[in-house]
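A.B. asks: Okay, handing you the structure first.
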Amino acid sequence: MGEAVFSHRSVLLDECINGLAIKPDGIYIDGTAGGGGHSFEIAKHLDSGRLIAIDQDEAAIAAASARLAPLGERAVVVRSNFSEISSVCDSLGIEEIDGLLLDLGVSSYQLDTAERGFSYMSDAPLDMRMDKRRSLSAYDVVNTYDEATLKKILFEYGEERFSASIASAIVREREKKPIETTLELSELIKRSMPSFARDGGHHPAKRSFQAIRIEVNGELDVIEPAIRAAISRLRRGGRVAIITFHSLEDRIVKQTFASMTQGCTCPKDFPICVCGNKPIVKLVNKKPILPSKQELEENPRSRSAKLRVAEKL
């Protein structure tokens, strides 16, 4: 099978550029470079400034490097996870940045390249690793996690109401033989759900595949620490813009921003502040920014996207 092209429509592109309020001489990080769409647009707004594009996916690094090559020294591409923002900055001799963008969605390339094992629609080995250097794969989760842990992951990360019956079916099936492919798992999930849950709306396996992917890549664990690390590097007036695609991610971003906008947390009846807490950021938009009607028509995959932007005080 030929190598798929890393194509990924940059979701909420104009809204991200506006949200970052790019300064031509600023230093910006795209922590989830993907095919380089957002990165390229940020770099176009720079003259003496610099863009650092980070991604953990080998295919993304190749695609972003090719896309950003015409920009020369304005853009540098680094293979890493956005949770390593501080060490990436240190390795490049960067003390402060003017902005950070994170697009937490799975790229169209990862979904559409069957052999990556992200899709419940085409057959492939169970993998789902965004970074092939990671040892844990979807195969390991499905075939080695005990029933209680599987149920917990499916319920918490997939918000799957039939997590108990799906986990039970997985364990029963793998006692006969290992579950090896995406379609095998997808069909098993479908069979383990009541008939009314299989009709209409989302594919029956969508939530379970999301849950397993989140577990494989440790996706939720890195969001809050990465936001805090980036904001600690932000110059005053610098901005962080984050796109999420499901409620679990969005809740973490919303709560992290909220905690950093808080000032004094002393009880109301204290005559003076003793906690010394001061707000670190302010919200640029009180509510998340959603895709326009036109974007939804042109790119249906943007439908669940939400953008939140905060500014360093």
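The values are calculated or read from the model by the stated rules, or taken from the named source; none is laboratory data. These numbers were taken from a predicted model, which means no experiment stands behind them. Positions of Cβ are backbone-derived with ideal geometry, glycine not excepted, and every protein chain shown enters the neighbour counts. Note: areas computed on protein heavy atoms with side chains; ligands, DNA, RNA excluded. Shrake-Rupley method; radii C 1.70, N 1.55, O 1.52, S 1.80 Å.
A.B. asks: Residue by residue through segment 296-307, note down the ones that are out of contact with any Asp or Glu (no Cβ under 6 Å at 6 or more places or on another chain), open to solvent by 30 Å² or more (accessible area, probe 1.4 Å) and not aliphatic (A, V, I, L, M).
C.D. replies: GLU297, GLU298, PRO300, ARG301, ARG303, SER304
A.B. asks: Spot the failing condition for MET128; the list is (1) open to solvent by less than 40 Å² (accessible area, probe 1.4 Å); (2) hydrophobic (A, V, I, L, M, F, W, C); (3) at negative phi, and only one is missed.
C.D. replies: Exception for MET128: condition (3).
A.B. asks: Show the residue pairs that are 6+ apart or on different chains and have beta-carbon atoms under 7 Å apart, the first residue being within segment 281-300 and without any contact (Cβ under 8 Å) to a residue 60 or more places away in the chain, the second being among the small types (Gly, Ala, Ser) and open to solvent by less than 50 Å² (accessible area, probe 1.4 Å).
C.D. replies: Matching pairs, first to second residue: VAL281/ALA310; LYS282/ALA310; LEU283/ALA310; LEU296/SER302.
A.B. asks: Among helices (runs of 4 or more DSSP H) lying entirely in segment 45-152, which contain 1 or more residues that are touching a Pro at 6+ places or on another chain (Cβ under 9 Å)?
C.D. replies: Those helices (runs of 4 or more DSSP H) span 138-144.
A.B. asks: Going residue by residue through segment 239-258, is there one that turns out to be among the aromatic types (Phe, Trp, Tyr) and not in a helix (DSSP H, G or I)?
C.D. replies: Yes; the residues of segment 239-258 include at least one that is among the aromatic types (Phe, Trp, Tyr) and not in a helix (DSSP H, G or I).
A.B. asks: Now for a different question. Across segment 252-295, what is the total count of residues that are among the β-branched types (Val, Ile, Thr) and within 19 Å of ASP103 (Cβ to Cβ)?
C.D. replies: 5
A.B. asks: Which residue pairs have Cβ atoms closer than 7 Å, lie 6 or more positions apart in sequence or on different chains, and pair a first residue in segment 133-152 that is at pLDDT 95 or above with a second residue that is assigned to a helix (DSSP H, G or I) and small (Gly, Ala, Ser)?
C.D. replies: Here the result reads GLU147/ALA167; GLU147/SER168; LEU150/ALA167; LYS151/SER163; LYS151/ALA164; LYS151/ALA167, each pair linking segment 133-152 to a residue that is assigned to a helix (DSSP H, G or I) and small (Gly, Ala, Ser).
A.B. asks: Being more than 34 Å from the chain's Cα centre (by Cα) and β-branched (Val, Ile, Thr) is the filter here, so list the residues in segment 258-282 that pass it.
C.D. replies: ILE272, VAL274
A.B. asks: If you don't mind, there's one more thing I want to ask. Being aliphatic (A, V, I, L, M) and open to solvent by 50 Å² or more (accessible area, probe 1.4 Å) is the filter here; which residues of segment 54-82 pass it?
C.D. replies: ALA62, ALA66, ALA69
A.B. asks: Which residues, taken from segment 268-291, are open to solvent by 70 Å² or more (accessible area, probe 1.4 Å) and out of contact with any Gly (no Cβ under 9 Å at 6 or more places or on another chain)?
C.D. replies: Result: LYS268, ASP269, PHE270, PRO271, ILE272, VAL274, LYS282, LYS286, LYS287, LEU290.
A.B. asks: If you check GLU249, GLU311, which single one turns out to be in contact with a strand residue (DSSP E or B) (Cβ under 7 Å, 6 or more places away or on another chain), of a type in the set (Asp, Glu) and open to solvent by less than 70 Å² (accessible area, probe 1.4 Å)?
C.D. replies: That would be GLU311, the only listed residue that is in contact with a strand residue (DSSP E or B) (Cβ under 7 Å, 6 or more places away or on another chain), of a type in the set (Asp, Glu) and open to solvent by less than 70 Å² (accessible area, probe 1.4 Å).
A.B. asks: Being of a type in the set (Ser, Thr, Tyr), surrounded by fewer than 17 Cβ atoms within 10 Å (Cβ to Cβ), over 27 Å from GLU295 (Cα atoms) and without any contact (Cβ under 8 Å) to a residue 24 or more places away in the chain narrows it down to one residue among SER48, SER86, SER91; which is it?
C.D. replies: After applying the criteria, what remains is SER91.
A.B. asks: Moving on. Which ones in segment 200-233 are assigned to a helix (DSSP H, G or I), open to solvent by less than 30 Å² (accessible area, probe 1.4 Å) and over 18 Å from GLN255 (Cβ atoms)?
C.D. replies: Hits for segment 200-233 are SER208, PHE209, ALA211, ILE212, VAL216, ASN217.
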